[in-house]
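To start, the structure itself, in structure tokens.
The values are calculated or read from the model by the stated rules, or taken from the named source; none is laboratory data. For clarity, every value in this text was computed on a predicted model and none was experimentally measured. Positions of Cβ are backbone-derived with ideal geometry, glycine not excepted, and every protein chain shown enters the neighbour counts.
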């Protein structure tokens, strides 16, 4: 017999939740491209802001870019940027946690640092845009290295509710 109230965390079937989030929010498959480019743009904006006080984060590369490379034969599309990048812990927290937005968290930190007029306009606020890639891909891979760090992280998933993490080689940040 249980005496008193108990508090529990909600449980979720991750694959079903991921499918629901993706298919409820997006009606056009092409939207994944906008979402991933927006993420890359936000990463560049974050680096621009951080580099105002930590110029070493630029790593002798202050030309920001987002690149799209299609490989028709391999049937892959690679979107890369040289923005702030993510540490292993940030990948787990932001990519490994559905609906958590690193951009939203970053914006909240900025509110205390700058006035509304100086606030960098960051797009991603809900933490689900990255997962739109699963609408068009059987497998999604992410290789990232946080500016100022040496180790890169490789995240990969087939959208089945699980993902793998490994260390990776990446000479440039992003």
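When you check residue 50 against the structure, is it touching a helix residue (DSSP H, G or I) at 6+ places or on another chain (Cβ under 6 Å), over 23 Å from residue 159 (Cα atoms) and either surrounded by 17 or more Cβ atoms within 10 Å (Cβ to Cβ) or at pLDDT 75 or above (or both), yes or no?
Numbers: touching a helix residue (DSSP H, G or I) at 6+ places or on another chain (Cβ under 6 Å): yes; over 23 Å from residue 159 (Cα atoms): yes; either surrounded by 17 or more Cβ atoms within 10 Å (Cβ to Cβ) or at pLDDT 75 or above (or both): yes.
So residue 50 passes the test.
Looking at 81, 62, 45, just one residue is surrounded by 11 or more Cβ atoms within 10 Å (Cβ to Cβ) and without any contact (Cβ under 8 Å) to a residue 24 or more places away in the chain, and that residue is 62. For region 8-29, filtered to residues that are free of Cβ contacts under 8 Å to residues at least 12 places away in the same chain and part of a loop (DSSP other than H, G, I, E, B), the residue that is farthest from the chain's Cα centre (by Cα) is 8.
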